[in-house]
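Notes for the one structure printed next.
The values are calculated or read from the model by the stated rules, or taken from the named source; none is laboratory data. Just so it is clear, the model here is predicted, and its values are computed rather than measured. Cβ placement follows ideal geometry from the backbone for every residue including glycine, while neighbour counts extend to all protein chains displayed. Surface accessibility is based on the protein's heavy atoms, side chains included, excluding ligands, DNA and RNA. Shrake-Rupley method; radii C 1.70, N 1.55, O 1.52, S 1.80 Å.
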Amino acid sequence: MRLLVVEDEARLAAALQRGLQAEGFAVDVAGDGQDGLELARHGDYDAMILDVMLPRLSGYRVVRQLRAEQKWLPVLMLSAKDGEYDQADGLDCGADDYLTKPFSYVVLLARLRALLRRGTPERPAVLRHGDVELDPAHRRVTVAGAEVVLTAREFALLEYLIRRPGEVVSKTELLDHVWDAAVETAANAVEVYVGYLRRKIGRERLETVRGAGYRLAAVEAAGGAEGARGVSRGS
């Protein structure tokens with residue numbers, strides 16, 4: 001397994017390199033964010049250990065750029081910033097795990113092994129299907145480049161559908177995952193909210209599959225002008 005360590009504190013970087021090499025890893029080290037980004041782009045790495053506070057480019061910017069380029073290298077962030085919002089920011093921008101300094105080397109190895117077991121499936125921070133984009137962290141949706149304001153329930157419904165691109169999702173499944181299971185909800189609630197959502201994102205983007213359920217359809221951005229006008233009228 002080949003690892004990339006991006007850490008500007010020379011003594012810590014050297015200690016990590018020695019320790020990981022002793023565990024059988026091949027390890028490259030970069031001392032700033034820009035060099036780390038270039039190595040991550042072009043090197044064949046199995047995972048990256050990435051500091052947050054780096055010269056030239058922060059760790060946040062490095063991982064955001066990699067995810068924007070659809071590079072799914074597993075990233076374990078290290079940082080002395082131990083606030084809950086700091087950790088949330090790191091995970092929301094695309095990191096897979098976050099470990100605060102000072103840290104246990106035993107725990108770092110265990111978390112690294114867990115990342116390597118998961119492999120490198122796509123896991124974008126912003127979800128896209130056709131010309132619809134949904135940002136779960138910032139609760140933001142755009143359709144053909146135009147922002148659309150959704151209620152919490154509409155957002156949850158769209159998020160569930162966009163995480164299953166091309167799949168037909170039944171009313172029962174939507175009730176189970178989008179509505180509170182502890183509260184009795186009428187079956188037609190799904191139909192009502194599908195109607196609300198269609199008015200905001202465009203009817204052509206949310207198909208009914210008769211007798212089966214609903215499917216999010218991909219409408220490409222090239223046809224987005226008319227779609228955006230439809231969104232404006234509906235909202």
So which lysines can Lys171 reach, going by Cα to Cα under 24 Å and dropping same-chain residues fewer than 8 places off? Lys200
Per residue of the chain, what 222 nm ellipticity follows from adding -39500 (n - 2.57) for every DSSP H run with n ≥ 4, rounded to the nearest 500? -13000 deg cm²/dmol
I need the shape label for the range 76-150. Rule: rounded when a/c is under 1.5, else prolate if a/b > b/c, else oblate, with a, b, c from the alpha carbon gyration tensor. oblate
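On alpha carbon coordinates alone, what is the Rg over Rh value for the range 96-220, Rh being the Kirkwood radius?
Using only Cα positions, Rg/Rh for the range 96-220 is 1.09.
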Just to verify a number: FRET efficiency for Lys171 and Val106, C-beta to C-beta distance, R0 = 41 Å, to 0.05? 0.30
Given bins 10 angstrom wide, list per bin the percent of all Cα-Cα distances in the range 1-125, short to long. 14, 52, 32, 2
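Hey, with R₀ at 35 Å, roughly what FRET efficiency would Arg113 and Asp135 work out to, going by the Cβ-Cβ distance, to 0.05?
Calculated value: 0.70.
Ignoring ligands, DNA and RNA, how do Glu204, Glu69, Glu220 rank by accessible area with a 1.4 Å probe, largest first?
Reading off the accessible areas and sorting them downward yields Glu220, Glu204, Glu69.
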Roughly how many Å² is the accessible area per residue of the chain, as a whole number, for a 1.4 Å probe? 53 Å²
Express the carbon and sulfur contribution to the solvent-accessible surface of the chain as a percent, rounded to the nearest whole number, probe 1.4 angstrom. 47 percent
For Ala30, enumerate residues with amide H under 5 Å from its amide H, sequence gap 5+ or separate chain, H modeled in the peptide plane. Val5, Val6, Glu7
Can you give me the relative contact order of the chain as a percent, contacts being Cα pairs under 8 Å and 6 or more apart? 13 percent
How much net charge surrounds Asp8 when only other residues with a Cβ under 12 Å from its Cβ are counted (Lys, Arg +1; Asp, Glu -1)? -3
Roughly how much of Val106 is accessible, in Å² to the nearest 10, using a 1.4 Å probe? 110 Å²
Give the lysines whose C-alpha is closer than 22 Å to that of Lys101, dropping any in the same chain fewer than 8 places away, or say none. Lys81
Write out the GluC sites (Glu not before Pro) in the range 95-158 meeting two conditions: DSSP loop, and at most 15 other Cβ atoms within 10 Å of their Cβ. Glu122
